[in-house]
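To start, the structure itself, in structure tokens.
The values are calculated or read from the model by the stated rules, or taken from the named source; none is laboratory data. Since we're looking at a predicted model, the values are computed, not measured. Every residue, glycine as well, gets a Cβ built from its backbone with ideal geometry; the counts of neighbours run over all protein chains shown. Remember, those area values only see protein heavy atoms, side chains included, never the ligands or the DNA or RNA. Shrake-Rupley method; radii C 1.70, N 1.55, O 1.52, S 1.80 Å.
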Amino acid sequence: MGKLKGTLCEILEEDHKKHRKELDAITTNPKFECKRCEEKATKKKWLCKPKKIK
Ligand SMILES: [Zn+2]
């Protein structure tokens, strides 16, 4: 498994095809969403403007 750099928001803009497995792990059962780009992730560190999903 390769290492991901930056936030999910950035990864999706750049090279999401390279990181599909990692992105699957990050986005399955998300707890946070990004207020700026509306991506969802399990941890807020992956998002540029994280907001907890209720
Ligand atoms: Zn974002």
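Note down the net charge around Glu38, summing +1 for each Lys or Arg and -1 for each Asp or Glu among other residues with Cβ under 12 Å from its Cβ.
Neighbour charge sum, excluding Glu38 itself: +3.
Calculate, axis by axis, the spread of Cα positions in the chain along the three principal axes, and write the results as whole Å, longest axis first.
Taking max minus min along each principal axis of the Cα atoms, the chain gives 30, 19, 14 Å.
What figure, in Å² to the nearest 10, do you get for the accessible area of Lys31 with a 1.4 Å probe and non-protein molecules left out?
Ignoring ligands and nucleic acids, Lys31 comes out at about 110 Å².
Roughly speaking, to the nearest percent, how much of the chain's 1.4 Å accessible area is carbon and sulfur?
48
Using a 1.4 angstrom probe, figure out how much accessible area the chain has per residue, in square angstrom, rounded to the nearest whole. Display every interim value, and only then the final one.
Numbers: 4410 Å² over 54 residues.
With all protein chains present, the chain gives 82 Å² per residue.
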